[in-house]
């Protein structure tokens with residue numbers, strides 16, 4: 001693409017529908033200087049940068065399901081199945097049991113949901129920690145709870 005100046009010697013009708021006369025400037029990808037010698041002068045090249053591309057989409061996040069779906073035969077319809085989701089138990093609702101990854105008193109259970117951890121005492125349904133914990137905070141939280 002380039003910017004051209006009309007040098008005169010009549011007018012020029014361009015495909016954009018406009019009439020150009022002496023001194024007018026036209027930006028086009030056509031080489032008007034070559035196509036119409038003595039009528040147009042190239043002023044400068046116009047660099048058209050491509051539009052900025054949007055930032056890449058974040059990668060998909062794999063979420064562990066508490067209960068995988070199971071196929072159950074449909075009564076009376078040979079070869080057909082329906083997909084049934086197992087209702088989560090109380091333990092499933094708390095997340096994945098990762099207690100074995102920590103050195104905590106046996107009366108505590110540690111559950112992970114995504115990137116966060118919750119500590120439960122026995123079979124209680126409320127965690128002993130008020131806020132979600134990072135992995136490194138689990139053992140100190142249990143120790144502090146036992147000292148209270």
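Just a few scattered comments:
- Enumerated strands (runs of 3 or more DSSP E) restricted to region 50-120, each holding at least 3 residues that are in contact with a helix residue (DSSP H, G or I) (Cβ under 7 Å, 6 or more places away or on another chain), modelled with pLDDT of 75 or more and under 30 Å from residue 145 (Cβ atoms): 108-113
- Filter pass, residue 25 being farther than 30 Å from residue 122 by Cβ, at pLDDT below 75 and not assigned by TED's automatic domain parsing to the domain that holds residue 121: no
The values are calculated or read from the model by the stated rules, or taken from the named source; none is laboratory data. As the structure is a prediction and not an experimental result, all values here were calculated from the model. Backbone-built Cβ (ideal geometry, glycine too); neighbour counts: all protein chains shown.
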